[in-house]
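Submitted below is the structure of interest, expressed as structure tokens.
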Amino acid sequence: MRSIRAAATGAVTLSFALAAAACGGGSSTGGGSNDSPKTLTYWASNQGAGLEVDKQVLQPELDKFERQTGIKVNLEVVPWSDLLNRILTATTSGQGPDVLNIGNTWSASLQATGALLPWDARNFGAIGGKDRFVGSALGSTGAQGEDPAAVPLYSMAYALYYNKKMFADAGIARPPATWDELIADGRKISAKGKQALGAEGSNLAENIHHVFVFGKQHGADFFTAEGRPDFTSDGVVAAVKQYVDLMAKDKVIPPGNAEYAQNQSVSDFAKGRTAMLLWQSASANLKSQGMSEDQYGIAPVPVQSGTPGTGTNVDSMVAGINLAVFKNTHNLDGATQFVKFMTSDAEQKILNTAYSSIPPVKSAQSDAAFNTTANAVLKDTLARSAAALPQVADESQFETTVGTAVKELFADAAAGRPVTTESVKAKLLKAQQQMPAK
């Protein structure tokens, strides 16, 4: 998903949603769709630099769909800070849209509510077949062994974006390939009076995405094979500490970034305030903020040693956005037509170009627009060195509880309080205790 930012109340809300009898969306009241077969309501996630940017990207395509089918799509772009709770409320109230974007890491959690349309062979057949989609994207559409709860729409991967001039001014010839190299480069940049690496310490989902990657690099998982939380293992503790230590010990992340939230680190990088950025598919966002592509380079996210690959050299989560349909929509045929339209080769090229993401549809990936230098790094990462976040029913609570633990550790680092193995483990134990009982 694109920097999925679960609200702090998400865990409580989801617990209620899972306990309730999910009644789905598509209601004729409360902002949902009406009973007309010529109308759909679509909740889109915020992918651009602002909500208006998304409306400018999407509305012409929705108008095109209406011309082709006679079905009008009522669009609402929902900020990430509100999206999860809006969806969870819709699963219990029935007052929701017909079609919606979900962050791919939420797929299994939302699947467990029973509110989303399962994409079985018949439903996939109506949009051209399951085999049209890239395997890594399908791996983040729901629990293993169950029909997917959603269809991949945009695929993304994390990369290291670096300011070419700031690197040259610090005498750095190439981007860092390991974390030790990044720290050494960061210190050279700091010695020139510049800020080295941006982060968003108050952004719960960004925290999760990064510590998940560090966890993989330490050979650790946050859940057992049975789906139980396992947040206090030595590998997980070491992973979280290594990430927070980029501020606490290594001093390459500025202390002020502990308070940063959505897109603030991207803005700093675009304005030349920081030399490096760890972000997913950032080119379109940077362009919208006035940074030209010749000002920065793109490289794989660093690993512990060697080069990115499978296993402990994982350097990205499988990021992306999925398209879901509420199971009891009053316009299932229209919703299915809309999903088919949005995942068609033509629309995949238009939309993923606009958002600098990668089409999860195989045949659309071959378009020249996705063979740029920037996309080569992202495509290679998705193919070789990305892993899906845990597809478990409690995934969204994991984002909230562990994301908050990391946020609190960044606050400690910024305030000069020691971040130790013991303090990291204590925060993670508290997060684990907040997870639903099995």
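We did not get these values from a lab; they are worked out from the coordinates using the rules stated. Just so we're clear, the structure is a prediction, and the values are computed from it rather than from any experiment. Every residue, glycine among them, receives a Cβ derived from its backbone with ideal geometry; neighbour counts consider all protein chains shown.
On full extension of the chain, what length is gained from residue 437 through residue 371, given 0.36 nm per residue of separation minus the C-alpha to C-alpha distance? Intermediate values should be presented prior to the final figure.
On the way: separation 66, 0.36 × 66 = 23.76 nm, distance 4.65 nm.
Result: 19.1 nm gained on full extension.
Need the full-extension length gain, residue 184 to residue 144, defined as separation in residues times 0.36 nm minus the C-alpha distance. One decimal, nm. Provide the component values of the computation, followed by the final result.
Values: separation 40, 0.36 × 40 = 14.40 nm, distance 4.09 nm.
Length gained between residue 184 and residue 144: 10.3 nm.
Relative to the longest principal axis of the chain, what angle (0 to 90°, nearest 10) does the C-alpha long axis of helix 10-19 take?
The angle comes out near 40 degrees.
Would you pull out the residues with amide H under 5 Å of residue 303's amide H, same chain only if 5 or more places away, H placed 1.01 Å from N?
178, 179
Moving on to the next point. Helix 395-414 versus the longest principal axis of the chain: what angle, 0 to 90°, nearest 10, using Cα atoms?
Tilt of helix 395-414: around 30 degrees.
Return the sequence-ordered ³J(HN,Hα) values of segment 106-118 in whole Hz as given by the Karplus equation 6.51 cos²θ - 1.76 cosθ + 1.60 applied to θ = phi - 60°, using x for Gly and Pro.
Going residue by residue, I get 8, 3, 5, 4, 6, 4, 5, 6, x, 8, 9, 5, x Hz, with x marking Gly and Pro.
Right, something else. May I ask for the distance between the Cα centers of segment 275-345 and segment 80-115, given as a whole number of Å?
Here the answer is 19 Å between Cα centres.
Measure off 7 Å from each Cα along the Cα-to-Cβ vector at residue 173 and residue 38, then give the distance between these two points in nanometres to one decimal.
Between residue 173 and residue 38, the label points sit 6.8 nm apart.
Right, next: Using helices alone, what [θ] at 222 nm do you get for the chain, with -39,500 (n - 2.57) per DSSP H run of 4 or more residues, divided over all residues and rounded to the nearest 500? Can you show the working numbers first?
Numbers: 18 runs with 188 residues, N = 438.
That calculation yields -13000 deg cm²/dmol at 222 nm.
Roughly how big is the chain's charge dipole about its Cα centre, with Cβ charges of +1 (Lys, Arg) and -1 (Asp, Glu), in debye to the nearest 20?
Numbers: 38 positive and 41 negative charges, 126 e Å.
About 600 debye.
Ok, one more. If one takes the longest principal axis of the Cα atoms in the chain, at what angle in degrees, from 0 to 90 and to the nearest 10, does the Cα axis of helix 80-93 lie?
That works out to roughly 40 degrees.
Would you pull out the residues with amide H under 5 Å of residue 150's amide H, same chain only if 5 or more places away, H placed 1.01 Å from N?
Those qualifying (amide H under 5 Å, at least 5 residues apart or on another chain) are 119.
Here is a follow-up. ³J(HN,Hα) across segment 140-146 via Karplus (A = 6.51, B = -1.76, C = 1.60, θ = phi - 60°), whole Hz, x for Gly/Pro?
In residue order, the calculated couplings are 10, 10, x, 5, 4, x, 10 Hz.
I would also like to ask the following. Between residue 81 and residue 192, what is the label-to-label distance in nm when each label sits 7 Å out along the Cα-to-Cβ direction?
3.4
Which of the peptides 200-210, 46-56 is most tightly packed, and how do the rest follow, going by the mean number of other Cβ atoms within 10 Å of each residue?
On the way: 200-210: 25.5, 46-56: 17.5.
Highest-to-lowest ranking by the protection proxy: 200-210, 46-56.
Can you figure out the FRET efficiency of residue 259 with residue 51, using R₀ = 25 Å and their beta-carbon distance, to the nearest 0.05? All intermediate terms of the calculation are to be shown ahead of the outcome.
Values: r = 23 Å, r/R0 = 0.91.
Approximately 0.65, to the nearest 0.05.
Another question about this same structure. Which order do the peptides 134-144, 322-332 take when ranked by the mean count of other beta-carbon atoms within 10 Å per residue, highest first?
On the way: 134-144: 20.5, 322-332: 23.9.
In decreasing order of mean packing, 134-144, 322-332 become 322-332, 134-144.
Could you sort out which of 38/130; 55/188; 241/327; 379/430; 192/241 sit more than 30 Å apart by Cα distance in this structure? Provide the component values of the computation, followed by the final result.
On the way: 38/130 27 Å; 55/188 41 Å; 241/327 42 Å; 379/430 37 Å; 192/241 27 Å.
Checking Cα-Cα distances, 55/188; 241/327; 379/430 exceed 30 Å.
Shifting gears a bit: So if R0 is 22 Å, what FRET efficiency would residue 234 and residue 310 give, r being the distance between their Cβ atoms, rounded to the nearest 0.05? It would help to have the intermediate numbers written out before the result.
Numbers: r = 22 Å, r/R0 = 1.00.
Rounded to the nearest 0.05, the efficiency is 0.50.
Let me spell out the model: positive unit charges on the Cβ of Lys and Arg, negative unit charges on the Cβ of Asp and Glu, origin at the Cα centre of segment 116-225. What dipole size does that give, in debye rounded to 20?
On the way: 11 positive and 11 negative charges, 121 e Å.
So the dipole magnitude of segment 116-225 works out to roughly 580 debye.
For Cα extents along the principal axes in Å, the choices are (1) 63, 49, 34; (2) 65, 47, 44; (3) 70, 53, 42; which was calculated from the structure?
Of the labelled values, this structure produces (1).
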